Structures are given as C-alpha cells and as structure tokens.
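Worksheet: one structure, shown below.
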Amino acid sequence: MKVFFIIIGVIALLVVSVIGAGWWWLSSNEEKIRQLSEEAALHATQVAQSGDSLACVDASKQRIINCKELVCQVTERLFLESCLDMANYNASMCDSVKNKGGTDWALEQCPESAGSQVCAVVLSAAPDFCSDKAKQN
C-alpha cells in the first residue's frame, strides 16, 4: 500500500512540475508571443486581401523557413489560420488536401530548407481549415 501512495505522489509531483514549467515558459515568452502574433496578424491580413487560400499557404511556407523555436511555430500556425479565415476560398487547395490526405499534403508542401516536422505542424492548419469548410457545405 505504501508503494501505491509513493507512486501517486511521484505522479502528482510530475504533473505539478510540468504545469509549473509550462506556466513559467508562457510568462517568460508572453511579450514575444504577443508581438509576433500582432505582426503575423497584420501580414495575414495583407496576404488575404491580395490573394486566396493558396496565397496564404505559399506565404506561410516562406515564413517558416527559419522557424526553429516553439514561439515561432505557434505564431506561424496562427498566421496561417488567420490568413485562411480571411482569404478568398480556393477549392483546388482543399481538393488537393482531400486527395492526398492532410498529413501527406502538409509534408509534401514543406520546402526542403524548413524542418519538415515543424513545417508540417504549421501547415496542418490547412487540412483543419478544409475539414471545417467541408462541414459547412
């Protein structure tokens, strides 16, 4: 019975530590996230006004080339989500996503100079967008 309580105590300590580390990271990066999010939202608006959903994906691919940090990945995902929501809908993009499958499509879109995993995480906003569009129709 003692072993059970020790295991529960260790698990609880780990959970509290992870939550604390997450809280610390978020508070340490809050201003940077806010600034980058504002810049991304402005750029998303500009791209969306001058292009369609494919233009958003193309702009996102260019923006993530040097994206290594988690803050950058989060910001770039927000950029693409915002841009897709504001841009003119291009059905051919969603047809391509549907035909290839979301993950395969995202990996195929990633430029070689970007880390494919980072790129795929950011570009996965497009399959999510297409899934939402399909549900609306």
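Bear in mind these aren't lab numbers, they're just calculated from the coordinates by the rules spelled out. Model, not experiment: these values are computed from the prediction. Ideal geometry is used to build each Cβ from the backbone, glycine not excepted, and the neighbour counts take in all protein chains shown.
Which GluC sites (Glu not before Pro) does segment 76-137 hold that lie in a coil by DSSP with at most 16 other beta carbons within 10 Å?
112
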* Counting each DSSP H run of 4 or more residues in the chain as -39500 (n - 2.57), what helix-only mean residue ellipticity at 222 nm follows after dividing by all residues, to the nearest 500 deg cm²/dmol? -> -28000 deg cm²/dmol
* Structure fact -> Projected convex hull area of the chain, Cα atoms, direction-averaged, in nm², equals 11.3 nm²
* Structure fact -> The relative contact order of segment 36-136, taking Cα pairs under 8 Å that sit 6 or more residues apart, comes to a percentage of 34 percent
* **Computed magnitude of the charge dipole of segment 4-137 (debye, nearest 20; Cβ of K, R +1, Cβ of D, E -1)** => 220 debye
* Cα shape, segment 54-115, gyration tensor, a/c 1.5 rule -> oblate
* Asked: Just in segment 58-137: which trypsin sites (Lys or Arg not before Pro) are loop by DSSP and have at most 13 other Cβ atoms within 10 Å?
  -> 68
* Structure fact -> Given the candidates 79, 96, 51, the one whose Cα lies deepest towards the positive end of the charge dipole of segment 36-136, counting +1 at each Lys or Arg C-beta and -1 at each Asp or Glu C-beta, is 96
* **Derived scalar couplings ³J(HN,Hα) [segment 12-17; Karplus, 6.51 cos²θ - 1.76 cosθ + 1.60; whole Hz; x for Gly, Pro]** => 4, 4, 5, 4, 4, 5
